[in-house]
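A quick write-up on the structure given underneath.
Please treat every number below as a calculation from the coordinates, not as lab data. Quantities reported herein were computed from a predicted structural model and do not represent experimental measurements. Counting neighbours? That spans all protein chains shown, and the Cβs are built from the backbone with ideal geometry, glycine included.
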Amino acid sequence: MASRRFYAYYIRGSQLALVEHDNISGSGQTLGQPSLDDIGPSGALSWKSPVKSITDGIEIEYAYSPRYRINDTSVTVAADSYDEDGTGLLKIIDAGNGLPTSGVTYIVISGSEKWNGLHKVQTLNAGYTILETKYNGASVTEAFTVYTDVSAIEDETDTIDLPEYLTKALVYYVKAKVAEDQGDIEQKDYNIREFRRILEKHESSKIRGPRVMIPGGHGIR
């Protein structure tokens, strides 16, 4: 019978790290990365850098709120190369002249080895687009997809693309920060608790499968 393995992840900056649950005492094991040593009390239960191979894959469900939204994923252009524009900026090229020449402020690149993500447009031209992304190098032939119907968050006047339920959490967070600035610690603590409560409920709603509730020692059975 195959033994169970338990995994978790944590985020540091833009990096996502995977850790494995280990119930062996840290005192009886030599770890390759001491910085990921025991976290639990007395080292009985801990999360450590994975040491076992996974041959059939592992699924990670991860959600985040990006700084942009692709309004229509069918509005794309197949670019075929990129180059420097001569002033240290990135120029993406489409030999078929499919890139728009007006009405585009942001684009999203997908399928590139180096340039995936959101980019702000400097100038639009027939057959090529110059971005505000810095690039100092030679011409590179590479096929990638360019999404041109994109909305991006620029300043406080923009609409944040959040689920309706999470907008309530955002209100509590703002109230907590205002209360903190005013020195009202009681109101700050209350609002931050409500903020975290809503976040936890939203995250738990993503868990699939049956829920099991176990009564306490003095509960009705």
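A few notes on this one:
- For the range 92-108, Karplus couplings with θ = phi - 60° (6.51, -1.76, 1.60), whole Hz, Gly/Pro x: 9, 10, 10, 5, x, 6, x, 5, x, 10, 6, x, 10, 9, 10, 9, 10
- Multiplying each eigenvalue of the alpha-carbon gyration tensor of the range 83-122 by 5 and taking the square root yields semi-axes of 15, 14, 12 Å, largest first, rounded to whole angstroms.
- Of all lysines in the structure, the ones whose alpha carbon falls short of 25 Å from that of Lys91, not counting any fewer than 8 places away in one chain, are Lys114, Lys120, Lys134.
- Using a Förster distance of 45 Å, the FRET efficiency for Leu166-Asn136 (Cβ separation, nearest 0.05): 0.65
- The Cα atoms of the range 68-152 give a gyration tensor whose axes a ≥ b ≥ c have a/c under 1.5, which makes the shape rounded.
- Value of Rg/Rh across the range 164-204 [Cα atoms, Kirkwood radius]: 1.02
- For Gln122, residues with placed amide H under 5 Å, excluding near neighbours: Ile130, Leu131, Glu132
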